[in-house]
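Right, one structure below, let's go through it.
The values are calculated or read from the model by the stated rules, or taken from the named source; none is laboratory data. Computed from a predicted structure; not experimentally measured. Note that each Cβ is placed from the backbone with ideal geometry, even for glycine, and that neighbours are counted across all protein chains shown. When the accessible area is computed, the model is the full protein with side chains, heavy atoms only, and any ligands, DNA or RNA have been set aside. Shrake-Rupley method; radii C 1.70, N 1.55, O 1.52, S 1.80 Å.
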Amino acid sequence: MDNKATATEFQGMLESRGVSRRSFMKLCGTIAVMAGLGEAAAPRVAHALEESVIGASQGDLYPVIWIEGASCTGCTEAFAQIDAPDAATVVLELISLNYSETLSAAAGHSMEEAKAQTIEAGNYILVYEGAVLKGWDGNALRVADKPGYEHLTEAAANATAVVALGSCAVNGGWMAAHPNPSNAMGVQQFLQEEGISTPVINIPGCPPNPEWLCAVLIEYLLLNRLPELNAENKPTQIFGQTIHDNCQRRGHFENGEFVYQFGSPEEAKGYCLYPLGCRGPQTKANCGIVRYNHRRSWCVEAGAPCIGCCEANPMNPGQNWVEVNTPFFKRHRDLRVGDFLIQPEIIAPIVTGVVAVALVIHGFGMKAAGRVPKGAEFEKVRAWDAKHPDKSIGVYKKEDVEAASKKGGDK
């Protein structure tokens, strides 16, 4: 295919959707960075997209199945509900969304049949949104007249890769918070228990940035490889640094300039939100770089402390972002003793008070039992002053000085 003709045809597709070349190149730069290629590789990504999208328009679409577990569909909303046509819309033309309970035009039997045919054919990516519920023999969530997790088992077994999209899919999210009655868990843990070895890519967030999913899909479609993953199967380029590392308020943190109360002059100056419970130093994600809503802003830039929604241990539902980080506007998480919650900063004065009372009671007990030894007699006149009355520092009664001198002479 002629490169010049391809670029011209692709530019026409962009313009027909109201997308500027500049907007498209910004997206390509973001994809290049998240794919680990560096922003300088943006032209290469743009060229690959041009050829791929033109090819896709001729029927070369890669199949994707999007299954909803126990979710609010917020991840789907974030991915699909854009406020104006943009370059991401064009990128989506690379895939054929063969099944989505939220977005599919079909419904009922015809939609389930499309999913079954895609699974049988193989070579597709499965996007799973929401928690996996195992409670009540899987009947905590039923879809199409069978336990919800059976749909995941069937679709994951024959997929090229599974993308666990959103913190609920990564480790159960807020549904896995104590007491977790539905036995919610993440996709990776569930598939491991079921003995299914299909690669899992974890993309946490509530909701995750839609460009993160775009980057993962594009890297596979263009480079024919899955992204580099860390120990928790999260893309390294996206979740390799903390929010704090790339926060525009970090300079204020280094200078010791903080916001201690909303509505204060410090807040108006854009100081660091750490005292108000910002979880940026402990949460790994590149929110401050990619940002949301077409890179317009993100949580901290909008004036809210990071609540750590990307914190999710895929193999431990108890380490979900809600249980780890609440209450959100407190510096410390709650400590749980059974069903009782308490803040660590309250424990310190309580323990100090208990220890002080115990020491006082112990002292009175020792005194009452006569176990307190008699202390040394108090010197009415310092020994040095008694020997050097002309250089005495203290002021004493004459008789006390004479008595001290005599006592010293007797020795």
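Residue pairs whose Cβ atoms lie under 8 Å apart, sitting 6 or more positions apart in sequence or on different chains, and linking a residue in the stretch 27-44 that is over 12 Å from CYS214 (Cβ atoms) and buried (at least 19 other Cβ atoms within 10 Å of the Cβ) to a partner that is at pLDDT 75 or above and among the polar types (S, T, N, Q), are VAL33/GLN237. Which residues, taken from the stretch 142-184, are in a helix (DSSP H, G or I) and either of a type outside the set (A, V, I, L, M) or not assigned by the TED database to the domain that holds GLY195 (or both)? If the condition is that a residue be in a helix (DSSP H, G or I) and either of a type outside the set (A, V, I, L, M) or not assigned by the TED database to the domain that holds GLY195 (or both), then GLY148, TYR149, GLU150, HIS151, THR153, GLU154, SER167, CYS168, ASN171, GLY173, TRP174 are the ones that fit. The residue that is farthest from GLU219 (Cα to Cα), among those in the stretch 3-39 that are modelled with pLDDT of 70 or more, in a helix (DSSP H, G or I) and polar (S, T, N, Q), is SER16. Residues of the stretch 176-188 that are out of contact with any Pro (no Cβ under 7 Å at 6 or more places or on another chain) and crowded, with 24+ Cβ neighbours inside 10 Å: VAL187 alone. I'm trying to understand the selection: among the residues of the stretch 220-249, which are closer than 26 Å to ASN313 by Cβ, of a type in the set (D, E, K, R) and buried (at least 18 other Cβ atoms within 10 Å of the Cβ)? Within the stretch 220-249, LYS234 is the sole residue that qualifies. Of everything in the stretch 109-140 that is in a strand (DSSP E or B) and of a type in the set (A, V, I, L, M), the residue that is farthest from VAL162 (Cα to Cα) is LEU133. Restricting to the stretch 214-231, count the residues that are within 15 Å of VAL64 (Cβ to Cβ) and not aliphatic (A, V, I, L, M). Count: 3. Looking at the stretch 250-265, is at least one residue part of a helix (DSSP H, G or I) and aliphatic (A, V, I, L, M)? So far as the stretch 250-265 goes, no, none of its residues is part of a helix (DSSP H, G or I) and aliphatic (A, V, I, L, M). Scanning the stretch 176-214 for residues that are within 18 Å of the chain's Cα centre (by Cα), among the β-branched types (Val, Ile, Thr) and farther than 18 Å from LEU229 by Cα turns up nothing. Please enumerate the residues belonging to the stretch 237-248 that are within 14 Å of the chain's Cα centre (by Cα) and touching a residue at least 60 places away in the same chain (Cβ under 8 Å). Residues satisfying the conditions are ILE238, PHE239, ILE243. On inspection, PRO314 does not qualify as open to solvent by less than 50 Å² (accessible area, probe 1.4 Å), in contact with a strand residue (DSSP E or B) (Cβ under 6 Å, 6 or more places away or on another chain) and assigned to a helix (DSSP H, G or I). Please verify whether the stretch 103-115 includes one or more residues that are over 23 Å from ALA176 (Cα atoms), surrounded by fewer than 14 Cβ atoms within 10 Å (Cβ to Cβ) and modelled with pLDDT of 85 or more. Within the stretch 103-115, one or more residues are over 23 Å from ALA176 (Cα atoms), surrounded by fewer than 14 Cβ atoms within 10 Å (Cβ to Cβ) and modelled with pLDDT of 85 or more.
Taking the stated definitions as given, is LEU229 closer than 19 Å to ALA159 by Cβ, in contact (Cβ under 8 Å) with a residue 40 or more places away in the chain and of a type in the set (A, V, I, L, M, F, W, C)? Spelling it out, it is not the case that LEU229 is closer than 19 Å to ALA159 by Cβ, in contact (Cβ under 8 Å) with a residue 40 or more places away in the chain and of a type in the set (A, V, I, L, M, F, W, C).
Restricting ASP385, ASP390, ASP400, ASP410 to residues that are more than 60 Å from the chain's Cα centre (by Cα) and at pLDDT below 70 narrows the list to ASP410. Inspection of the stretch 317-338 finds a residue satisfying the criterion of being farther than 25 Å from CYS206 by Cα and modelled with pLDDT under 95.
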